[in-house]
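Each remark here refers to the structure printed beneath this line.
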Amino acid sequence: MAAARRDGCPADALPEPVLGLIFVHCGREHLSDISLVCRCWRRALLAEPALWSKQRLARGSLHDLPLQEQHEWLTSKRRMLAATAPVTTCLEVLRAGGIRSWPPPSGAATGSQLATLLRSLRCACLADVTLACGPVRVRSNDWSQVGECCALDQLCGLPCLPAAALRVLPRFAQLTALSLQSWQLPACTAAVLLQLPQLHSLQCAAREVPASIIDSMCQLTALSRLELRVAVALPPLGGLTQLTELQEMYLYCYNEQLSVAPLPAPAAFPALRRFEAFCSSCTFSEQGNQPLVQVADAVPLTSCKCSVHEDGSSSIELKLRHPLRHPGELQHLLATLLPSGGGPLTSLSLSGDDSWLGEGCLTDMLAALRRCALLRTLRRLDATCWQEEPSWVEAALAALLEQAPALSELTLSGSASLPECVRHRIGLRKLDLNHCQLRELPSGPFLQGLEELTLRGSSLSSLPPALLAATRLRRLAFPATYPRMSVTRADVDGILLRLPQLERVDLTGARLAPATAIHLARAAPHLEILAAGDEHERNI
């Protein structure tokens, strides 16, 4: 500080916003020391939005501490929230059920400490609040992690959200995003929601969401995003179709023993652009096989995801609970799930607990698939064809491809061989063969226009010579699988180096000797090479 003054540029003469930006780069471990330097630095520190706009309070093992330390923790958090209230716009309180009614050491009357914490914040600033009784990740929509994202079983038995804290929320006039996570929502939840008409985003994770709360949601005319995660069946949701601003809706049920009432069709929502519905399905009892996701009167599903993209096109991902068995079922299902604001269907994913297609009258099924007008605009198809499925599934796949003349991207999973309809397909730009157990890659017209090819989980023992026909190939991938195929120097010289457009090759699923890898890197310096290392993947 003294040196700065001798140079004529004292540090405390810097504008407070500039000081705040400097403090951001100092690391949070030094913030307490910075706040003790002087009043000017403390004021600049507490006014920096990058440090305090989003705050998270996690109770952790606080209940194991002595009562005095519990009170000191709460007091310090309350003071910090009060000091940074002008710049705090987002607050997350995790394990909030434990922040309840601990009496202060003086023996004063008990009260809701969480409500007191919320009152410490400025009413005009807070826009996003999360109150959770468990470690629930609420913003992830990755279906592969859906159990971790909700983990409602972790909420079971934990204290519920205190009603007093919810009653404070209407004080925040700028509150537009609210997330409530509790095994049981307080009885006042419905009344509190009616006092928050400005909400744009609402998420509720609980054992159940009563019909009274759904009725209150129907009055939130500004709502554009809604997410519900429950452990029992949802009440009727038909009233939500009157929400003219609702663009995203996510519905998750984690109890496969209960059937779910039919959900309103996405087309019934005037502005909906994204719709996801999921129900767990991990038992094979008669009760567990009951339909769990029923969208309007369409075919029962395990999960579905429907989206409208920025260019106006639509995509649908389906996991069928039972195979399609009757003519016209696919056309009706797609028409039911297409959002009203969406354009042509350009991407479709079909999978099932078993097969997506059941044995029936093959002639009628194929004729119905060829009449499915919604498939004519498809540019991307992802289909699962289990190895044990008979020939009618390949015939159905051929019918699907016939209806999609513009198809350029195809993902095929589970097939024991490459279907003939794929081998003779012209116009494919991207092909992903996922666990198809191919022992060789057949030749055919499909290779001529390919730009990207992925062979994941195949039984290839070496690089297939048929690749030489893929003269436009830019990306080639053999992701890590077992057993691994071997790539020799002869394969490099005879195949990889003879692909003129190749830009990237993934050989993490291949045995590649270090000398061979070095030879490939030197012979093709422009090529991005991803190979498997001893402990992790490495770029060459």
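The values are calculated or read from the model by the stated rules, or taken from the named source; none is laboratory data. No experiment lies behind these values; they were computed from the predicted model shown. Here Cβ is always computed from backbone atoms with ideal geometry, including for glycine, and neighbour counts include all displayed protein chains. Ligands, DNA and RNA are excluded from the accessible area calculation, which covers all protein heavy atoms including side chains. Shrake-Rupley method; radii C 1.70, N 1.55, O 1.52, S 1.80 Å.
Quick rundown of the values:
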quantity: FRET efficiency, 1/(1 + (r/R0)^6) with R0 30 Å, evaluated for S53 and E528 via beta carbons; calculated: 0.20
quantity: Accessible surface of D215 - all protein chains present, 1.4 Å probe, nearest 10 Å²; calculated: 100 Å²
quantity: Prolate/oblate/rounded label for segment 377-532 (Cα gyration tensor, a/c 1.5); calculated: prolate
quantity: Pairwise label distance in nanometres, S212 with E420, each label 7 Å out on the Cα-Cβ vector; calculated: 6.5 nm
quantity: Where segment 412-513 is the region considered: accessible area per residue in Å², 1.4 Å probe; calculated: 44 Å²
quantity: Heavy atoms of F278 accessible to a 1.4 Å probe, total area in Å² rounded to 10; calculated: 40 Å²
quantity: Candidate residues R489, R39: accessible-area rank, largest first, probe 1.4 Å; calculated: R39, R489
quantity: FRET efficiency estimate (nearest 0.05) - Cβ-Cβ, R371 to E29, R0 60 angstrom; calculated: 0.35
quantity: Order of exposure, largest accessible area first, which applies to C253, C160 with probe 1.4 Å; calculated: C160, C253
quantity: Computed label-point distance, nm, for sites H519 and A406 using a 7 Å Cα→Cβ extension; calculated: 4.6 nm
quantity: Theoretical FRET efficiency, 1/(1+(r/R0)^6), r = Cβ-Cβ of D297 and C40, R0 56 Å, to 0.05; calculated: 0.25
quantity: Where labels lie 7 Å past Cα in the beta-carbon direction, separation of E451 and A271 in nm; calculated: 3.6 nm
quantity: Full-extension gain in nm, T471 to Q198, via 0.36 nm per residue minus C-alpha separation; calculated: 92.6 nm
quantity: Net charge of neighbours whose Cβ lies under 9 Å from the Cβ of S224, counting Lys and Arg as +1 and Asp and Glu as -1; calculated: -1
quantity: Net charge of neighbours whose Cβ lies under 12 Å from the Cβ of T454, counting Lys and Arg as +1 and Asp and Glu as -1; calculated: -1
